[in-house]
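The values are calculated or read from the model by the stated rules, or taken from the named source; none is laboratory data. Note that the structure is a prediction, hence the values are computed from the model and not measured. Every residue, glycine among them, receives a Cβ derived from its backbone with ideal geometry; neighbour counts consider all protein chains shown. We work out accessible area using only protein heavy atoms, side chains counted, and drop any ligands, DNA or RNA first. Shrake-Rupley method; radii C 1.70, N 1.55, O 1.52, S 1.80 Å.
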Amino acid sequence: MVTAYVMVKASTGDVDRLKSEMTALDSGVESVSVVAGDVDYIVKVRVDGPEDVKEIATAIHEMPGIENTQTYIAMD
């Protein structure tokens, strides 16, 4: 299993809509947290392989209202 974290910066104030859309993406999305700081959300992903992480991160990045994403794969 691969655990990854997708940092998401939104360009819109529609926090609830974006959170529910990210949560509904895939069974590999474990949680979506609204956070304060440089990013607006941290999405925790647990999937079988790196290609699955890429698929989820791409889907998030392409959502209307998403400005930028950064993906980090956990090493332990």
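One residue alone among ILE60, ILE66, ILE56 is touching a Gly at 6+ places or on another chain (Cβ under 9 Å), within 22 Å of SER11 (Cβ to Cβ) and among the hydrophobic types (A, V, I, L, M, F, W, C), and that residue is ILE56.
Against the numbered list (1) assigned to a helix (DSSP H, G or I); (2) modelled with pLDDT of 95 or more, ARG17 comes up short only at (2).
For MET7, are the conditions met, namely being in a helix (DSSP H, G or I), surrounded by 17 or more Cβ atoms within 10 Å (Cβ to Cβ) and at pLDDT 95 or above? It is false that MET7 is in a helix (DSSP H, G or I), surrounded by 17 or more Cβ atoms within 10 Å (Cβ to Cβ) and at pLDDT 95 or above.
Evaluated against (1) of a type outside the set (A, V, I, L, M, F, W, C); (2) open to solvent by 60 Å² or more (accessible area, probe 1.4 Å); (3) part of a strand (DSSP E or B), SER31 falls short on exactly one condition, (2).
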